[in-house]
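The values are calculated or read from the model by the stated rules, or taken from the named source; none is laboratory data. Predicted, not measured: the structure shown is a model, and the values here were computed from it. Quick reminder, even Gly has a Cβ in these numbers, built from the backbone with ideal geometry, and neighbours come from all protein chains shown.
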Amino acid sequence: MTEGASPIAAALLGRCPRCGKGRLFRGLLDVRDACESCGLDLRAHDAGDGPAVAAIFLIGAFAVGMAIWVDVRFEPPLWVHAVLWPAVVLPLSVLTMRVAKAALVLLQWRHRQDRG
């Protein structure tokens, strides 16, 4: 494709913004130096703190709302909240950061003047 991979698929699957085939991440949240499929140099793409801010706002609001609802509806003991919410918040935060980081890298690539 001349315009690169599908933005939604690339962000959700963590794929290269240009070819949509190579993996974008080296580990859980580390962006690779280059695409393993098309060789796109990914070192210049930096998502900064945007993905973390997205996770804090989205997952934080969700978790607080759900914690209040669970507390009012079921009145569980405090230890249930202490066990339940970290188990919910941590995976959702990592997932949100991963998708947001992939989306930001894709947008940076799309809007650069020279698409090396």
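A few notes on this one:
- For V94, the conditions (1) in contact (Cβ under 8 Å) with a residue 60 or more places away in the chain; (2) over 21 Å from W109 (Cα atoms); (3) not in a helix (DSSP H, G or I) are fulfilled apart from (3).
- Tally of residues being more than 29 Å from P17 (Cα to Cα), surrounded by fewer than 14 Cβ atoms within 10 Å (Cβ to Cβ) and within 25 Å of the chain's Cα centre (by Cα) across region 38-81: 3
- Selection within region 10-49 - closer than 11 Å to A103 by Cα and basic (K, R): R15
- Just one of the listed residues (V70, V64, V94, V80) is under 26 Å from A10 (Cα atoms) and among the β-branched types (V, I, T), and it is V94.
- Residues that are in contact (Cβ under 8 Å) with a residue 40 or more places away in the chain and outside any loop (DSSP other than H, G, I, E, B) were ranked within region 1-12; the one that is farthest from V89 (Cα to Cα) is P7.
- Test: residue in region 26-49 that is out of contact with any strand residue (DSSP E or B) (no Cβ under 7 Å at 6 or more places or on another chain), farther than 21 Å from A5 by Cα, part of a helix (DSSP H, G or I) and modelled with pLDDT of 90 or more: no
- Boolean, R110 is crowded, with 16+ Cβ neighbours inside 10 Å and of a type in the set (K, R): no
- For V94, the conditions (1) loosely packed, with under 11 Cβ neighbours inside 10 Å; (2) β-branched (V, I, T); (3) modelled with pLDDT under 95 all hold with the exception of (1).
- Looking only at residues of region 19-37 that are in contact with a Ser or Thr (Cβ under 9 Å, 6 or more places away or on another chain) and crowded, with 18+ Cβ neighbours inside 10 Å, we find that the one that is farthest from L107 (Cα to Cα) is G22.
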